[in-house]
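The values are calculated or read from the model by the stated rules, or taken from the named source; none is laboratory data. As the structure is a prediction and not an experimental result, all values here were calculated from the model. FYI the Cβ positions are ideal-geometry reconstructions off the backbone, even for glycines, and counts take in every protein chain you see.
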Amino acid sequence: MTIKYIDELTIAEKRLFIRVDFNVSFDELGNISDDTRIRAALPTIRYALGQKAKVILASHLGRPKGKPNPKYSMKPVGERLAQLLEDVDVLLPEDCVGDAVKKLAGELLPGQVMLLENLRFHPEEEANDEGFSRQLAALAEVYVDDAFGAAHRAHASTSGMVQFVPVKGAGFLMRAEIQSLSKLLEKPARPFVAILGGAKVSDKLGVIENLMNICDCLLIGGGMSYTFLSAKGVQIGKSLVEEDKIHTARRILERAEARNISIMLPLDHVVAAACDASAKALTTDGVSIPDGMMGLDIGPKTVAEYSTQVLKAKTIFWNGPMGVFELAPFANGTNKIAIAVAESNSSSVVGGGDSIAAINKAGVASRIGHISTGGGASLEFIEGKKLPGIVALEQ
Ligand code: AMP
């Protein structure tokens with residue numbers, strides 16, 4: 001796989017289309033509540049401006065379902081970007097294609113920035129429509145993809161348009177993501193400990209299958225652990241379970257044992273009668289969960305055991321919370337794992353919005369090797385899948 005990066009391309013005075021991932025979150029008042037994704041693209045944007053490229057940025061935002069909707073306009077994103085870039089004005093056209101945009105693109109001066117309106121205001125973006133891809137491509141002379149978070153989608157802006165632009169490459173964020181995640185797949189330092197959590201086993205089956213080929217120890221927590229525990233015949237009360245995946249979970253455990261890979265499951269739990277912050281939280285002594293109770297976090301023995309494994313690791317991949325960490329009584333497990341990952345002397349990669357939120361809440365982000373901006377994309381990468389947004393960049 002050969003990919004050229006932006007610093008290997010001639011971009012001076014060129015119309016440079018950068019696909020960014022500015023899919024930021026907003027609070028109830030409509031203010032941007034987390035601009036991490038905008039900040040993550042700044043090195044590429046600043047480099048392009050320094051090189052005197054004519055910068056055209058494009059992103060999706062939310063799920064406007066193929067129609068213009070002011071709620072999902074890129075305008076507040078453009079304003080935040082302008083603040084972050086300090087002395088640079090950001091032009092904000094009312095669409096991402098069409099004559100007006102084409103004219104503005106043609107008039108852009110070196111060192112200027114234009115942020116196109118939400119790509120998903122057109123259904124053709126997600127449909128990877130050829131005509132729409134050609135319209136986007138016509139805006140630019142060079143294409144650079146820095147939107148790792150969207151690289152698992154074969155959309156017009158991440159895949160379709162790339163073949164119609166004469167020069168293509170990836171940005172610095174994309175480079176950091178590809179390099180960090182590739183290191184996990186190719187010769188990771190051992191022991192390699194993977195930690196998976198979150199609600200559903202079904203979302204993570206492919207990742208588990210591939211991790212069994214590459215990691216030494218897999219720590220499972222969160223809602224998904226109860227399907228595995230159920231597969232082992234453990235009483236799980238009324239915890240979250242995917243009945244139709246119990247058989248698959250059993251097969252995975254058997255295969256791991258045959259291959260000498262340690263899949264660890266919770267040894268104890270924090271339980272309550274309801275998934276509610278005001279419900280009385282209890283800690284079980286052992287692995288069984290009484291009738292009428294549900295497991296909502298890993299218990300202290302599990303935290304201790306998982307932390308021991310994490311502290312021994314030389315490579316760590318973590319995706320998914322260990323419990324319902326949004327509710328204070330069930331946040332301890334996820335928080336303690338975040339701290340252990342930060343304290344470990346390992347090359348660590350953390351992906352997924354919830355795990356990143358936990359890392360930030362614990363105040364340990366600066367001690368994590370690589371925080372992946374793409375939850376779904378990083379899981380597919382680890383699953384061993386070819387991501388369309390990366391394939392499109394191959395020379
Ligand atoms: P995912 O999107 O699959 O990574 O799942 C994240 C969600 O899983 C979070 O919203 C958690 O609240 C939820 N979760 C984690 N542990 C549990 C659990 N034991 N029971 C129910 N939901 C859980």
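Summary table below
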item: GLU186 vs. criteria at pLDDT 95 or above and surrounded by fewer than 18 Cβ atoms within 10 Å (Cβ to Cβ); result: no
item: Every residue from the stretch 292-316 that is among the charged types (D, E, K, R) and surrounded by fewer than 21 Cβ atoms within 10 Å (Cβ to Cβ); result: LYS301, GLU305, LYS312, LYS314
item: LEU173 touching a residue at least 60 places away in the same chain (Cβ under 8 Å) and under 30 Å from ILE246 (Cα atoms); result: no
item: Within the stretch 260-274, considering residues that are surrounded by 14 or more Cβ atoms within 10 Å (Cβ to Cβ) and either free of Cβ contacts under 8 Å to residues at least 40 places away in the same chain or within 12 Å of the ligand (Cβ to nearest atom) (or both), the one nearest to the chain's Cα centre (by Cα); result: PRO266
item: Residue within the stretch 324-347 that is touching a strand residue (DSSP E or B) at 6+ places or on another chain (Cβ under 8 Å), closer than 30 Å to ILE6 by Cα, assigned by TED's automatic domain parsing to the domain that holds ALA272 and of a type outside the set (S, T, N, Q) present; result: no
item: Single condition SER288 does not satisfy, out of (1) in contact with a Leu (Cβ under 7 Å, 6 or more places away or on another chain); (2) within 16 Å of the ligand (Cβ to nearest atom); result: (1)
item: Strands (runs of 3 or more DSSP E) wholly inside the stretch 151-259 containing at least 1 residues that are within 16 Å of the ligand (Cβ to nearest atom); result: 192-196, 217-220
item: Pair list, Cβ < 6 Å and 6+ apart or interchain, from the stretch 106-127 residues that are under 10 Å from ARG15 (Cα atoms) to residues that are among the acidic types (Asp, Glu); result: PRO110/GLU13
item: Qualifying residue in the stretch 317-330 (condition: within 15 Å of the ligand (Cβ to nearest atom), surrounded by fewer than 20 Cβ atoms within 10 Å (Cβ to Cβ) and not in a helix (DSSP H, G or I)); result: yes
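Listed here are the residues, each with its yes/no results for (1) touching a strand residue (DSSP E or B) at 6+ places or on another chain (Cβ under 7 Å); (2) of a type in the set (D, E, K, R); (3) assigned by TED's automatic domain parsing to the domain that holds MET322; (4) free of Cβ contacts under 8 Å to residues at least 40 places away in the same chain.
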site: ALA138; (1), (2), (3), (4): no, no, no, yes
site: VAL144; (1), (2), (3), (4): yes, no, no, no
site: HIS152; (1), (2), (3), (4): no, no, no, no
site: GLY160; (1), (2), (3), (4): no, no, no, yes
site: PRO166; (1), (2), (3), (4): no, no, no, yes
site: SER180; (1), (2), (3), (4): yes, no, no, no
site: PRO191; (1), (2), (3), (4): yes, no, yes, no
site: LYS204; (1), (2), (3), (4): yes, yes, yes, no
site: CYS215; (1), (2), (3), (4): yes, no, yes, no
